[in-house]
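The values are calculated or read from the model by the stated rules, or taken from the named source; none is laboratory data. Predicted, not measured: the structure shown is a model, and the values here were computed from it. Please note: Cβ atoms are built from the backbone with ideal geometry, for glycine as well, and neighbour counts cover all protein chains shown. In case anyone asks, the SASA skips ligands and DNA or RNA and just uses the protein heavy atoms, side chains included. Shrake-Rupley method; radii C 1.70, N 1.55, O 1.52, S 1.80 Å.
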2 protein chains.
Amino acid sequence: MSLKWISLLLLLQLSCYFSPGSAGKVLVWPTEYSHWINMKTILDELVQRGHEVTVLTASASILVDPNKPSAIKFEIYPASLTKHDYEVIFKKLVDTWTRLPKDSFWTHFTLMQEIIWQFSDNALKLCNDAVLNKKLIRKLQESKFDLIFADAVGLCSELLAELLKIPLVYSLRFSPGHTIEKYSGGLAFPPSYVPVVMSELSDQMTFMERVKNMIYVIYFDFWFQTFNEKKWDQFYSEVLGRATKLYELMRKAEMWLVRTYWDFEFPRPFLPHFQFIGGYHCKPAKSLPKVIWRYDGKKPDTLGPNTRLYKWIPQNDLLGHPKTKAFLTHGGANGIYEAIYHGIPMVGIPLFADQPDNVAHMKTKGAAVRLDFDTMTSSDLLNALKTVINDPSYKDNAMKLSRIQHDQPMKPLDRAVFWIEFVMRHKGAKHLRPASHDLTWFQYHSLDVTGFLLACVATTVFVIIKCLLCCWKFAKTGKKEKRE
Amino acid sequence: MSLKWISLLLLLQLSCYFSPGSAGKVLVWPTEYSHWINMKTILDELVQRGHEVTVLTASASILVDPNKPSAIKFEIYPASLTKHDYEVIFKKLVDTWTRLPKDSFWTHFTLMQEIIWQFSDNALKLCNDAVLNKKLIRKLQESKFDLIFADAVGLCSELLAELLKIPLVYSLRFSPGHTIEKYSGGLAFPPSYVPVVMSELSDQMTFMERVKNMIYVIYFDFWFQTFNEKKWDQFYSEVLGRATKLYELMRKAEMWLVRTYWDFEFPRPFLPHFQFIGGYHCKPAKSLPKVIWRYDGKKPDTLGPNTRLYKWIPQNDLLGHPKTKAFLTHGGANGIYEAIYHGIPMVGIPLFADQPDNVAHMKTKGAAVRLDFDTMTSSDLLNALKTVINDPSYKDNAMKLSRIQHDQPMKPLDRAVFWIEFVMRHKGAKHLRPASHDLTWFQYHSLDVTGFLLACVATTVFVIIKCLLCCWKFAKTGKKEKRE
């Protein structure tokens, strides 16, 4: 076969995998900071493939900058917050979360819930601003979008999907206690071998660790509420004019693109409408001139002449530099994935959110040393760095994770875009929707069926005993009569 | 960019997805009939990609014909059965299973277990013949295979994998009651929305259907044994010289390639070491001269002049013929998938094994009408055919399933081969192995943890009540003393 023919065959084969059919119109409900950074990777790819991407942007938005030149469209709506208000809210959220007391489980999570509820209240304000803006909604309806794409923790997108009658695709790193994944995604997290997110446990648990994990499960299932659900339920019900629950509406998502993969996660059950796309934002490094350091404050007097300060550095290129030996990180999921991609061992100093868990995962997989920000000394830091640099097992394990990341049937970004395009092509992915979404919690856990079967057994046993007693009585009376 | 450059880029991209690294050596433990036919598709593809494939063949083997010209190697070992014995056993198995009484649940499954145990006993004989053949095992050990590939219901491959110290990949359609998938694969099948295989239920169950499903779950979990496990446990323990259980050894499988997909299955939970590759044996049809009929018996006198009889027909090409309107099938998984692939509505007359369930799936998805072989009349057959041909919903639904089958990120055969090659490249896929494999059944269900927590709660309540009682007594005595 000539090269020309092979090329033609390859072209046909590829077109059968990637062809998006006709270009689609994607509406995006964005979330700020790192959530926006990694979502943008997917949006850029969608634009690259000829789709029209419109980001519904609040005038208060921080990182979503509609003034930066971009092929992405921005539909700006006036918000009841200013950009400054919004920045202050986020700064407070991060500052407070970072400083949460760690000695008391109860206080820790009660305060965490308070912080997230403040965030949730602000999200509700922005949702209110968008959804009650009749002119905006009419414009969006007339635009005839094919799909809405959003971060599942961003909230509001499920309501917009309902109002615009278009399918919804979520992206997600995690929700506290996996609440969203459980109650809206339909996933099960068996407490015996799936550590609850934020517990910092691994999948190889001792008995007491499994007890701890179970306590986390019970706590998150019965006490902790990720969002102030009542408020959302009420708002959604008002807007739609029918009793609506946030978590039930979120079940409408056709596809969940989870921003992790099995290099990072411990194997756990999932459903066919979940795709694990972790590492999709990573790419080969561009060359760097020398080793550099990012620092955004006053230059310390004690700084050696071999250390340079930069306000911003291309982290991915730095991690991909052949001379990079270790990655000192706060443990954000994006950074962790860049280290995995390039096979760099880590020293993790987690601050908040999923960061302690992310570092715990890397530690379990032998690719990181964890330090405690509140208690560590400079010699702890030095020793940790020496360990991951000099003990070859850390590099080996980081390279193992890197090989898992690179050796996938299809690149995670291509997979993410494939499923978004699939939902547009087929106007949904109903064939992947689990039937459990239509069950109540007691039906899902088969409590009604178990109760019924137990009642049947009890009745049968009761009837048999009654019959036996009757027979026995009858026999006794017979005997007595005979004797008499 | 010129076409040449595009081709080069495509070549690079493809090679990054499919490159098997260096060629590997695959040992195959085969299973007969349809199981062999669909396994061979994967073996041919492996050979095509430069791997060396050796099938360990019993001299009694039926369909695995080492004399047919093939690029696949056959390593034949003498069996304690003749080919004729083996054929008789299979014929009896199929004949008896087809005629199982359907009116009594208990009798039906007890007899089914008997039949499968006969099959299991014969499989044990062949396993014995292979494993105790020292010369053969030494030769296999010296051949340094990279992987063993087998049908999970074939048994023995897990023992060979252990003896040869090589990773194992399974292919599987189903096991009765999902026993193998549960106890060796680690999957959970929530009875509330996952119908048990062989129950002919769908995922949309009424209350009484959920009760029925639960009864099936209980029956298969506590009574039914797919294989005569005791015999296998004993044999495996003897050969390995340590206490070994069949189902535990089967957990060693690195990857499970399940021969269904979400066009056929109802969405249900699975684990990352499961891949659903249903439809991988299907391919575009080659042209046919006219519509034909396969029949392997005496030509009936009443046969019309427009019906032709053939001993064998190319079923896939026939189903892919543009004039094919309907598929009259016994409901075997291979045939069902060919109909899905080509979007042909079906009339199913199931006989045994997974066939009733396969047809039930297609019926639920609106692509088939089901007939009962024991009770159907010729007019039933005519009406069923008329229905699927004339009611456009059947064709529409069949086409919908076909679109789902065709619109995957990667073709199922490529995916199957990718994961086989992955296991060879990485000498396993340990990162996908669920930690539940190392737990006992009561740990897996968190019974120890729940018991411990309940004991803690009970102790606490007991101590509090004791203290309160003490205080009350003390207060009472104090009052009495005061009064005195």
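Of all DSSP bridge pairs formed entirely within chain A, close to 0 percent run antiparallel.
Could you work out the mean count of beta carbons from other protein chains within 10 Å of each residue's beta carbon in B:210-221?
Mean shielding count: 2.
Dipole check for the protein assembly as shown: with +1 at the C-beta of Lys and Arg, -1 at the C-beta of Asp and Glu, and the Cα centre as origin, the magnitude is about 40 Debye.
Counting only other residues whose beta carbon sits under 14 Å from that of residue B:92, what net charge do I get with K and R as +1, D and E as -1? So the surrounding residues net to -4.
Where only DSSP H runs of four or more residues are counted, chain B gives -15500 deg cm²/dmol as its mean residue ellipticity at 222 nm, each run worth -39500 (n - 2.57).
Listed by chain and number, the aspartates and glutamates whose alpha-carbon sits under 19 Å from that of residue A:135, ignoring those within fewer than 8 places in the same chain, are A:75, A:162, A:238. Of the residues in the stretch B:177-199, those shielded by at least 40 Å² of accessible area once partner protein chains are present, compared with the chain alone at a 1.4 Å probe, are B:192, B:193.
How many nm is it between the label spots at residue A:373 and residue B:59, if each spot is 7 Å from the Cα in line with the beta carbon? Once both label points are built, they end up 7.3 nm from each other.
Computed over the stretch B:18-141, relative contact order equals 20 percent, with contacts defined as Cα pairs under 8 Å that lie 6+ residues apart. Shape analysis of the stretch A:398-462 places it in the oblate category; the axes a ≥ b ≥ c from the Cα gyration tensor give an a/c of at least 1.5, with a/b not above b/c. Here are some pairs, A:144/B:365; A:386/B:252; A:91/A:363; A:165/A:231; which of them have Cα atoms lying more than 26 Å apart in this structure? With Cα atoms farther than 26 Å apart: A:144/B:365; A:386/B:252; A:91/A:363.
In this assembly, the B-A interface accounts for approximately 5300 Å² of buried accessible surface in total, computed with a 1.4 Å probe and without ligands, DNA or RNA. Among residues other than residue A:72 with Cβ under 10 Å from its Cβ, the summed charge is +1 (Lys and Arg +1, Asp and Glu -1).
When A:203, B:95 are compared by accessible area at a 1.4 angstrom probe, the order from most to least is B:95, A:203. Taking amide hydrogens as placed 1.01 Å from N in the peptide plane, the amide H of residue B:74 sits under 5 Å from those of B:55, each at least 5 positions away in sequence or on another chain.
Shielding by partners for peptide A:409-418, expressed as the average number of C-beta atoms from other protein chains within 10 Å of each residue's C-beta, is 3. Magnitude of the charge dipole for chain B, about its Cα centre and with charges confined to Cβ atoms of Lys, Arg (+1) and Asp, Glu (-1), is about 900 debye. Dividing the alpha-carbon radius of gyration of the stretch A:307-355 by the rule-of-thumb value 2.2 N^0.38 Å gives 1.13.
Straight-line reach from residue A:473: taking Cα to Cα under 16 Å and skipping same-chain neighbours fewer than 8 places apart, the lysines in range are A:482.
Under a straight-distance cross-link criterion of Cα-Cα below 20 Å, which lysines are reachable from residue A:476, leaving out those fewer than 8 residues away in the same chain? Excluding near neighbours in sequence, the set is A:466. Residues whose amide H comes within less than 5 Å of that of residue B:171, counting only those at least five positions distant or on another chain, are B:150, B:151, B:152, B:257 (H built at 1.01 Å from N in the peptide plane). When you restrict to C-alpha pairs under 8 Å that are six or more residues apart and normalise by the size of chain A, the relative contact order lands at 13 percent.
Amide H to amide H distances under 5 Å link residue A:370 with A:348, where only residues 5 or more positions off or on other chains count and H is placed in the peptide plane. For residue B:241, inter-copy separations between label points set 7 Å beyond Cα along the Cβ vector come to 7.9 nm, shortest first.
Taken residue by residue and averaged, Cβ atoms of other chains lying within 10 Å of the Cβ of A:426-435 number 5. Other residues with beta-carbon under 14 Å from the beta-carbon of residue B:267 carry, at +1 per Lys or Arg and -1 per Asp or Glu, a net charge of 0. Seen through its C-alpha gyration tensor, with square-root eigenvalues sorted a ≥ b ≥ c, chain A comes out prolate because a/c lies at 1.5 or above while a/b is bigger than b/c. Can you list the trypsin sites (Lys or Arg not before Pro) in the stretch A:134-189 that are in a DSSP coil and have 11 or fewer other beta carbons within 10 angstrom? Taking the stretch A:134-189 and a limit of 11 other Cβ atoms within 10 Å, the loop trypsin sites (Lys or Arg not before Pro) found are A:144, A:165.
For the stretch B:409-474, trypsin sites (Lys or Arg not before Pro) meeting the loop criterion (DSSP other than H, G, I, E, B) and having at most 14 other Cβ atoms within 10 Å: B:427. Can you tell me the 0 to 90 degree angle between the C-alpha axis of helix A:412-426 and the longest principal axis of chain A, rounded to 10? Roughly 60 degrees, rounded to the nearest 10. Between the beta carbons of residue A:287 and residue A:68, assuming R0 = 30 Å, the FRET efficiency works out to 0.75 to the nearest 0.05.
Applying the Karplus relation 6.51 cos²θ - 1.76 cosθ + 1.60 with θ = phi - 60° to the stretch B:384-401 yields 3J(HN,Hα) values of 4, 4, 4, 4, 5, 7, 8, 7, x, 4, 5, 5, 4, 5, 4, 5, 5, 4 Hz, where x marks Gly and Pro.
Taking the 1.4 Å solvent-accessible surface of the protein assembly as shown as the whole, the part contributed by carbon and sulfur is 60%.
Restricting the stretch A:304-344 to chymotrypsin sites (Phe, Trp or Tyr not before Pro) that sit in a DSSP loop and have at most 13 other Cβ atoms within 10 Å of their own Cβ leaves A:312.
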